[in-house]
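The values are calculated or read from the model by the stated rules, or taken from the named source; none is laboratory data. Note that the coordinates shown come from a computational prediction; the quantities given were computed from them, not determined experimentally. For neighbour counting, all protein chains shown are included, and Cβ atoms are generated from backbone atoms with ideal geometry for every residue, glycine included.
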Amino acid sequence: MIQCKKCTKNAVVFLPYSGEKLCRKCFLTSVEKRVQKAISHYKMLDRSDRIGVAVSGGKDSVVLLHILNKIERNFPESKLLIIYVDEGISQYSNNNLKVVKKHSWDLDIPLIQSSYKKIYGKTLDDIIKIAEKEEDKRLGACSYCGVLRRKALNRAALEANVDCIATAHNLDDETQTILLNFLRGDLNRLARNSPTNKRVHPKLVPRIKPLRTIPEKETTLYAFYRNLKHNSKPCPYAPEAYRDDIRSFLNQIESKRPGTKYNILRLYDKISPQITISQNSIQECSICGEPSVEKICKACQLLS
Ligand SMILES: [Zn+2]
Ligand SMILES: [Zn+2]
């Protein structure tokens, strides 16, 4: 038997980057503590915030909701809301909504629903069909969805009058995005990822990422050990190929040199204050009025 580093129980989890071996209970506590630490380190939340949690029904979003719900109990003036945006991906979205409704009910957290159909007049399925017909092969489904989801979440968050949107991006998502934007030479997008909760524009709801220091393996284990119901089926649209390459590259390096992902994140946090886009570069889209760095926002560009 291998003993837990913090108590006398049997260790079931090994964290290669720190060398820790932990039992189930100490592992769960460790994840929660690190999320709490990230929230205070990056000053993500104020005591009386109304927090809109973007819950898709996937494991990370469900883990985020449960951990925030635990943390929030210590701050009675704050309030949690669930924001669910239905992309309209045939069977996939229906399953997600069922999961989200269950957690909303179990935790007694109000659910705010929006959809691509409501905001754009079309589901993602409709939009992809049109794009395929026009042989618009420049962009995969994920690129469309990323842009449209961002705007839909912001719209729903504005209507719900929340102070911030909490999204479930984990350490793997974050380091992949950093590397991806770096390799593409896209400074604007690289800057946009910085973990600030400042309101740079009145119509742009700040985003926080409380799970950004937690590796994906650990969010998976957290969901498993807490027995959290989630939609484990992957999205039917194939993931972006470039991101997939970077994911396997990062995982390869991480297994040889544990801690690499943390190094990327730490370095990014040091340099990102220098590259943050200035406030006055954000204007309002001339078609939909949404905050945008260009004259016409990305969502309106794609939909045209
Ligand atoms: Zn223990
Ligand atoms: Zn627009």
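Details
- Selection status of residue 39, of a type in the set (A, V, I, L, M), over 19 Å from residue 221 (Cα atoms) and assigned to a helix (DSSP H, G or I): yes
- Just one of the listed residues (204, 221, 228, 211) is of a type in the set (A, V, I, L, M), in contact with a Leu (Cβ under 6 Å, 6 or more places away or on another chain) and closer than 27 Å to residue 93 by Cβ, namely 211.
- When 212, 199 are checked against the criterion of being assigned to a loop (DSSP other than H, G, I, E, B), of a type in the set (Lys, Arg) and touching a helix residue (DSSP H, G or I) at 6+ places or on another chain (Cβ under 7 Å), a single residue qualifies: 212.
- Top-ranked residue of region 11-32 - restricted to ones that are in contact (Cβ under 8 Å) with a residue 24 or more places away in the chain and in a strand (DSSP E or B), ranked as nearest to ligand 1 (Cβ to nearest atom): 13
- Considering (1) away from ligand 2 (no atom under 16 Å from the Cβ); (2) among the charged types (D, E, K, R); (3) in contact with a Pro (Cβ under 8 Å, 6 or more places away or on another chain); (4) in contact (Cβ under 8 Å) with a residue 60 or more places away in the chain, the lone condition that residue 199 does not fulfil carries the number (4).
So that you can scan it fast, the table gives a plain yes or no per residue for (1) surrounded by 19 or more Cβ atoms within 10 Å (Cβ to Cβ); (2) touching a strand residue (DSSP E or B) at 6+ places or on another chain (Cβ under 6 Å); (3) at pLDDT below 90:
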{"site": "61", "(1), (2), (3)": "yes, no, no"}
{"site": "76", "(1), (2), (3)": "no, no, yes"}
{"site": "85", "(1), (2), (3)": "yes, yes, no"}
{"site": "96", "(1), (2), (3)": "yes, no, no"}
{"site": "102", "(1), (2), (3)": "no, no, no"}
{"site": "110", "(1), (2), (3)": "no, yes, no"}
{"site": "135", "(1), (2), (3)": "no, no, yes"}
{"site": "140", "(1), (2), (3)": "no, no, yes"}
{"site": "147", "(1), (2), (3)": "no, no, yes"}
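- When region 60-97 is filtered for residues that are touching a residue at least 40 places away in the same chain (Cβ under 8 Å) and farther than 22 Å from residue 144 by Cα, the ones remaining, listed by number, are 62, 63, 64, 65, 66, 67, 68, 69, 81.
- Flag if residue 243 is over 20 Å from residue 202 (Cβ atoms), within 16 Å of ligand 1 (Cβ to nearest atom) and not aliphatic (A, V, I, L, M): no
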